[in-house]
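The values are calculated or read from the model by the stated rules, or taken from the named source; none is laboratory data. Worth saying up front: this structure is predicted, and the values here are computed from it rather than measured. Virtual Cβ from ideal backbone geometry, glycine too; neighbours counted across all protein chains shown. Keep in mind that these areas ignore ligands, DNA and RNA; they rest on the heavy atoms of the full protein, side chains included. Shrake-Rupley method; radii C 1.70, N 1.55, O 1.52, S 1.80 Å.
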Amino acid sequence: MEFMLDTVDLEQIRYYQAILPLAGVTSNPTILKQAGKIDFYAHLKKIQTIIGSASLHVQVLGETVEEIICDAEEIIKHLGKEVYIKIPVNEAGLAAMKQLKQRGILLTATAIYTEFQGYLAIAAGADYLAPYYNRMENLNIDAANVIGTLVQEIDRTNSSSKVLAASFKNVAQVNQACRQGAQAITAGPDIFAQAFKMPAIQQAVTDFHNDWRENFTVETIKELSK
């Protein structure tokens, strides 16, 4: 299972890089807007420095085939061929994917709401498929079923594509995506924070410490050697 962080907040990336088995960082224009007026390439290069060999996913802005390819070329020129280019799955996006895959460009197919979009992205050779879990649910689309069927299609066709489930509002949605076989998830820092906020976790840690102190009359394991 791959866990990615859906943010460009450098402080949050540093924090979770130290905690998580972080496989990558994903971004889009909306997430970049939340960071304010940043130097686009300089900021993303800082992220690359922080995450090392983990993957970075950067979205195009172009809406025509030519514009999408131009955006991809510019991103790669500044950030390297290891970057995954995020492209929405529509007519222009699929056409651009075909051309870019022929050149060996790494691709993340994004803005996926339907099974059919996912099937097309798999056939186009996308490395990752990013179905929008919560956005699908808001449209009364069975997000879990869509993810499950895409995982089945990847298996059926022996594709190297991976489902990178995205757009979560809570941990329960992440869990459901994992149950359906998603090979990767990307979530904001707020979702990861939710996972560790369960009071029972800290209570267990406190209970263990109290039992240790009562039994050994010292605070730490190291103190036993004194």
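Of all the criteria given as (1) touching a Gly at 6+ places or on another chain (Cβ under 9 Å); (2) without any contact (Cβ under 8 Å) to a residue 40 or more places away in the chain, the one not satisfied by Thr110 is (2). Among the residues of segment 72-117, the ones that are more than 19 Å from Thr30 (Cα to Cα), of a type in the set (Gly, Ala, Ser) and outside any loop (DSSP other than H, G, I, E, B) come to 3 in all.
Counting only residues that are open to solvent by 10 Å² or more (accessible area, probe 1.4 Å) and either at positive phi or within 12 Å of the chain's Cα centre (by Cα) (or both), segment 167-190 holds 7 of them.
Condition first: over 18 Å from the mean Cα position of the chain (by Cα), β-branched (Val, Ile, Thr) and more than 27 Å from Gln99 (Cβ to Cβ). Can you find one or more residues in segment 127-143 that meet it?
yes
Inspection of segment 49-59 identifies at least one residue that is part of a helix (DSSP H, G or I) and not polar (S, T, N, Q). Here segment 170-222 is the region considered, the condition is being touching a Leu at 6+ places or on another chain (Cβ under 8 Å) and among the hydrophobic types (A, V, I, L, M, F, W, C), and the residue that is nearest to Asp142 (Cα to Cα) is Ala182.
Considering only segment 95-137, state which residues are polar (S, T, N, Q), under 18 Å from Ser159 (Cα atoms) and open to solvent by 20 Å² or more (accessible area, probe 1.4 Å).
Answer for segment 95-137, where residues must be polar (S, T, N, Q), under 18 Å from Ser159 (Cα atoms) and open to solvent by 20 Å² or more (accessible area, probe 1.4 Å): Gln102, Gln117.
Residues of segment 16-38 that are assigned to a helix (DSSP H, G or I) and either under 22 Å from Ala182 (Cβ atoms) or in contact (Cβ under 8 Å) with a residue 60 or more places away in the chain (or both): Tyr16, Gln17, Thr30, Ile31.
Across segment 191-226, the number of residues qualifying as closer than 25 Å to Asp9 by Cβ and open to solvent by 60 Å² or more (accessible area, probe 1.4 Å) comes to 6.
Could you go through segment 63-71 and let me know if any residue there is modelled with pLDDT of 95 or more and not in a helix (DSSP H, G or I). Yes; the residues of segment 63-71 include at least one that is modelled with pLDDT of 95 or more and not in a helix (DSSP H, G or I).
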